[in-house]
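All of the numbers you see were taken from the coordinates with simple rules; none came from a lab. None of these values were measured; they are calculated from a predicted model. Cβ coordinates were reconstructed from backbone atoms using ideal geometry, including for glycine residues, and neighbour counts include every protein chain displayed.
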Amino acid sequence: MKKIIFIVFISILYFSCHKEVDWTNCTTDAQVVGFVLEKCYCCWGWVIRVGSDTIKTERIPSLELTENTVFPIKARITIGSKTIDCSGNKADYYEIKEFSPIK
């Protein structure tokens, strides 16, 4: 009986901590919180907070990184398909179809 309770407990912990949201074809409010310049697999690119999740993208239409860019940038975005699957604890990459800053 203790073994069954232990297995149930571990299962509950795993599924409550392992949350995977598919943001494909979604329009939502978000915050662009930074840009990672490091050129490595699943490192480089724009970092975007969507709700309590983080996604990344290589390109955001009509947004250029300059020395005057101030983060976070609040925006309404339309997310396209997943472009890079960064399994593990790194954020997956998505296509950003539309980007509209919120002032």
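For segment 22-101, what ratio Rg/Rh do Cα atoms give with a Kirkwood hydrodynamic radius? Over the Cα atoms of segment 22-101, Rg/Rh equals 0.92. Peptides 79-92, 61-74, 41-54 ordered by packing proxy, namely the average of other Cβ atoms within 10 Å per residue, highest first: 41-54, 79-92, 61-74.
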